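Below: one structure, written as C-alpha cells.
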Amino acid sequence: MLFKMVCFALMIFLVAQDFSLTAAIALDPCSAYISLNEPWRNTEHHVNDSAGSPKCDSHINGEWYRFTGMAGDAMPTFCIHENHCGTHAPIWMNGSHPQESDGIIQIQACSSFNENCCFWNTTVDVKACQGGYYVYRLPKPSVCFHVYCGHFYEICDESDCKGTCLETGECHCMTGTTLGLDGQTCLDVNECEKDNGGCAEICVNLKGSHRCECGVGRVLGPDGKSCNEIEGCHNNNGGCSHSCVMLENTYQCQCPRGLTLSEDRHTCQVPVQCKSSGIEVVVPKTLVGGLELFLSNSSCKGISNGTHVKINFSLKTCGTVVEVVNDKIIASNLVTGLPRQTPSSSGDIIVRTSKLLIPVTCEFPRQYLVSDGYIPNLKNSPLEIAGRSRGVFPFSLELFKNRDFNEAYHGSPPTLKLHDDLFFGIEPVVHVDGLQTLVESCFATPNSKTEEAIKYYLIKDGCISDETVKQFTTDDDLAKHYQVPVFKFVGKDNKEVFLHCSVLVCGSLDEHSRCAQGCKRRMRRSLWEQEDTGHLDQHVLTGGPIILDLDK
C-alpha cells in the first residue's frame, strides 16, 4: 500500500511538472519551438536545382517555429520569386521584424506565384527573442505547393577604430538594411511600411529596395510611382494576359479557344464551375499537351474527352482546403500538370510544356453551411424562372431582420414574438435590366404545404389584402419588400408560420402586361392569364418557418 501511495504521489508531481512546462511554453514561445532547418527551405534553393518534387508545408499546423541551420537565420522580408525555397510558391514576410520590446505582433505573409509577389496571403505571429533570434507562429498554407522560406542575412562590417576607442568595433549595415537584435545581422528594411513606399497603388518590397506596381489595366507612370490607364494594345499589350484587339475608340482582351476572360476583363483563365455539390475544372487539350493533371491529392486525376481534360472534386476531397474569410467561404485547390511517362489512351504523344499550374478558387456566400457538402440554409430553395431566350433568372423569398432589408436570417429560422414586425421580400439572385416583377399573391400557412386548407392571404390578385402590410420602394424593379406584424394561426399547436408567394416576371416596357396592370382585385384569374402575353413565367416561392415565441 505504501508503495502504491508513493507511486501515486510521484505521478501527481510529474503531471504538475508537465502542466507547468506547458503553461511556460504557452506564455513564452521563445523557450520552446520547432526548428525548420531543411536546406531546400532557403531562398537560394531553386526548385529546378533538384530532381525531387516540389515541397509543400502541409505539415505546418500553427505551432511556433524558428529557422535554423541551412534553412537560414529568419524569414525573408522581401519578395521571393516563384520556384525558390524548394517549391513553386515561396512564402515571405511582408513586413519588418519586431524589437524584443514589441512582444508578439502580427505581420502579413505572402506567397509569390505567376509574377505576383502576393498571389496568396495570410497572417503570421512574430516574436523577437532575447537570444537575438525570431520565432514565428505559422498557419497551415491553404494549398500546395507553398513553403515558408528562410534566408541567410548579411553579416555587418566592423568599422576600423581610429584614435582612442572604448569599444572594439561598431557594426554598420548597407543602405536598405538595419542592424538586427544579435548585433551582427543586417536585416532588410521594408520601405513599403512607410507611406506605401510612395507608390500610388501597389508597393513590393525587394532586397535592399522596393518597387511600385499597378493593378490590372493600368501601367506605371514615368515617375515610377503613379499609375495611368492603359490607352491601347500598343502599351503593355493593353494589360491583357493573351490577345489584345483594338476597336474603334477602345480595345478589349481576348482569350484562346477554351479559356474564359476573368472578372478583371484582362486575364484569361480556365473555366471553373463552383457548385455546392462540387467543383469542375475544364482545361483545353491545347494547354495540356502530354501532361497528366492531378490535384493536391495526386490520387485525384483529370479525365480526357479528346478536346478537354475535366477534373471533378467535392469540397471535402482531393486535398481541397476550405477557409472562412470575412463574409465568404473559400475553397481552394491546385491543378498540377506534369509530363506523362507513357502515351495516354487518348493519343497524347508529345509534350508542349514541362509544367502546368492552375490555382483553383471557389467562393461561396456564408449562407451555405458545411454538412456532407455545402447545402443551403432553411431560408428557402431558389426559384429559377426561364426567361425565353434571356436565360435563367433565380429568385428567392427572404426573411429579413430589419426594415433595411440588407441582412437576412441565415443558418436557423427566426424566432419572433407576437407584435414583432416581420420583414420579407422577393429577391433576384441575378439582377437583369429590362424586367419587372409583380407579386400576384402571398399567403401564410401553419406548415410548409402550399395546398394547406388553412390559408391567410397578405396579398391577392396583386393587391394588398391585409391593411397592416406595408410595401417599401426598391431600387431594383425585380425586388419587392414588405413589412407585416407577426401573427399566429388559431390553435395551441400552431407555433410556426410559413409564407408562400406567387411571382410574375414581365418585360418592363410592355404596357399591357399583367405586371403593368398592378392590382386587379375584381379581375378573374383565368381572364388575365388568357389575355396577357407579356409575363414570362409564374412560380410559387416558399419561405420559413417563422417560429413563434409564445412564452414571452
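Could you go through segment 226-242 and let me know if any residue there is outside any loop (DSSP other than H, G, I, E, B), open to solvent by less than 50 Å² (accessible area, probe 1.4 Å) and either at pLDDT below 85 or on the phi > 0 side of the Ramachandran plot (or both). Yes: segment 226-242 contains one or more residues that are outside any loop (DSSP other than H, G, I, E, B), open to solvent by less than 50 Å² (accessible area, probe 1.4 Å) and either at pLDDT below 85 or on the phi > 0 side of the Ramachandran plot (or both).
Take GLY462 and tell me if it is on the phi > 0 side of the Ramachandran plot and either open to solvent by 30 Å² or more (accessible area, probe 1.4 Å) or in contact with a strand residue (DSSP E or B) (Cβ under 7 Å, 6 or more places away or on another chain) (or both). Criteria met by GLY462. Taking the listed residues CYS268, CYS274, the one that is open to solvent by 50 Å² or more (accessible area, probe 1.4 Å) and in contact with a strand residue (DSSP E or B) (Cβ under 7 Å, 6 or more places away or on another chain) is CYS274, with no other qualifying.
Checked against the criterion of being in contact (Cβ under 8 Å) with a residue 24 or more places away in the chain and of a type in the set (Gly, Ala, Ser), the candidates SER448, SER465 yield just one match: SER448. Strands (runs of 3 or more DSSP E) fully within segment 184-225 that include at least 1 residues being farther than 19 Å from GLY239 by Cα and either open to solvent by 10 Å² or more (accessible area, probe 1.4 Å) or free of Cβ contacts under 8 Å to residues at least 12 places away in the same chain (or both): 185-188, 202-206, 209-213. Being at pLDDT 90 or above, open to solvent by 20 Å² or more (accessible area, probe 1.4 Å) and of a type outside the set (S, T, N, Q) holds for only one residue in TYR148, TYR133, and it is TYR133. Pairing residues of segment 278-301 that are at negative phi with residues that are of a type in the set (Lys, Arg) and at pLDDT 85 or above, at Cβ distances under 6 Å and at least 6 apart in sequence or on separate chains, gives VAL282/LYS310; PHE294/LYS301.
From the list LYS225, LYS207, the lone residue that is among the basic types (Lys, Arg), touching a Cys at 6+ places or on another chain (Cβ under 7 Å) and over 26 Å from CYS362 (Cα atoms) is LYS225. Taking the condition of being in a loop (DSSP other than H, G, I, E, B) and either touching a helix residue (DSSP H, G or I) at 6+ places or on another chain (Cβ under 9 Å) or in contact (Cβ under 8 Å) with a residue 60 or more places away in the chain (or both), how many residues in segment 478-494 meet it? Selection size over segment 478-494: 4.
The values are calculated or read from the model by the stated rules, or taken from the named source; none is laboratory data. On a predicted model such as this, the values are computed, not experimentally measured, just so you know. All Cβ positions, glycine included, derive from the backbone under ideal geometry; neighbour counts span all protein chains shown. All accessible areas refer to the heavy atoms of the entire protein, side chains included, with ligands and DNA or RNA removed. Shrake-Rupley method; radii C 1.70, N 1.55, O 1.52, S 1.80 Å.
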